[in-house]
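The block underneath contains the structure these notes are about, expressed in structure tokens.
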Amino acid sequence: MKSTKLVSLATIAALLLAGVPALANVPKAAGGDTGIKPVAGDKGVKPAAGDKGIKPAAGDKAAPVKAPDLSENLFPIEFIVKAGPQIGLGETTFAEIRSIMQETNPKLNDAQLALRTDTMALNDLLKQDHPDTPTCLAALDKVLDDERAVKRINMEAALKVRGLLSPDQFAKLKELRDQQVASKGGGGGGSPS
């Protein structure tokens, strides 16, 4: 029984941490089900219609609210750089992008190191026969704070680079991405053809 609980906790932690790199993609089971089921006989609190990410109680007709896809209006910096000649980026803009990345990379490396270190610490706690709940939750809070820091650093850099683009260049990037998605049958976000 102990090993089952340990595996379950480790599995939950791994699932929580697997979403670190994803900015907008939260995988769900087929049919949009989150996989979270109420305990038999638990009446619980019925969520208000329209609550984000909460599936309506049985019998309700409202559909779960889907989070917007942020990638529709943001591009990986690598994609922008590779598309640079196609969208008319000048040498000055390339230099500014390099400057943004030189400023961002040390901060990102530090944040990613903290994330790895705190994740390993949480994992060590979860390996115990009887992990202490408050200690594990405190360690999880550190991991979530680290994830937030990594995402914020990435978002800040992406917004700075986006701010260098003219509306026409941004529109051309969207066209290139749409062409790439159409030619590859989905995906997107990689390097332009």
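One table, with the values for the structure above:
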{"quantity": "Exposure proxy order (Cβ contacts within 10 Å, fewest to most) of 116, 162", "calculated": "116, 162"}
{"quantity": "Relative contact order (percent, whole number), the range 104-179, Cα cutoff 8 Å, 6+ residue spacing", "calculated": "37"}
{"quantity": "Highest to lowest packing among 67-73, 166-172, scored as the average C-beta count within 10 Å", "calculated": "166-172, 67-73"}
{"quantity": "Amide proton proximity set for residue 89, modelled H, under 5 Å, gap of 5+", "calculated": "none"}
{"quantity": "Karplus-derived HN-Hα couplings along the range 111-119 (A = 6.51, B = -1.76, C = 1.60, θ = phi - 60°), whole Hz, x at Gly and Pro", "calculated": "5, 5, 5, 4, 4, 4, 5, 5, 5"}
{"quantity": "Hz values of 3J(HN,Hα) by residue in the range 154-171 - Karplus curve (6.51, -1.76, 1.60), Gly and Pro given as x", "calculated": "4, 5, 4, 5, 4, 5, 4, 5, 4, x, 7, 8, 7, x, 5, 5, 5, 4"}
{"quantity": "Across 82/151; 66/151; 151/172; 66/107; 66/174; 142/174, pairs whose alpha-carbon gap is larger than 28 Å", "calculated": "66/107; 142/174"}
{"quantity": "Stretch gain in nm, segment residue 124-residue 70, where the contour uses 0.36 nm per residue and the Cα spacing is subtracted", "calculated": "16.1 nm"}
{"quantity": "Label-point gap, in nm, between residue 145 and residue 109 - each point 7 angstrom along Cα→Cβ", "calculated": "2.4"}
{"quantity": "Rg(Cα) / (2.2 N^0.38 Å) computed for the range 71-176, rounded to two decimals", "calculated": "1.46"}
{"quantity": "For the range 73-88, 3J(HN,Hα) per residue [Karplus equation, 6.51 cos²θ - 1.76 cosθ + 1.60, θ = phi - 60°, Hz, x = Gly/Pro]", "calculated": "10, 10, 10, x, 4, 4, 4, 5, 5, 5, 8, x, x, 6, 9, x"}
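Here, each number is a calculation from the coordinates, and none is a lab measurement. Given the structure is predicted, the values throughout are model-derived calculations rather than measurements. Glycine also receives a Cβ, built like all others from the backbone with ideal geometry; neighbour counts cover every protein chain displayed.
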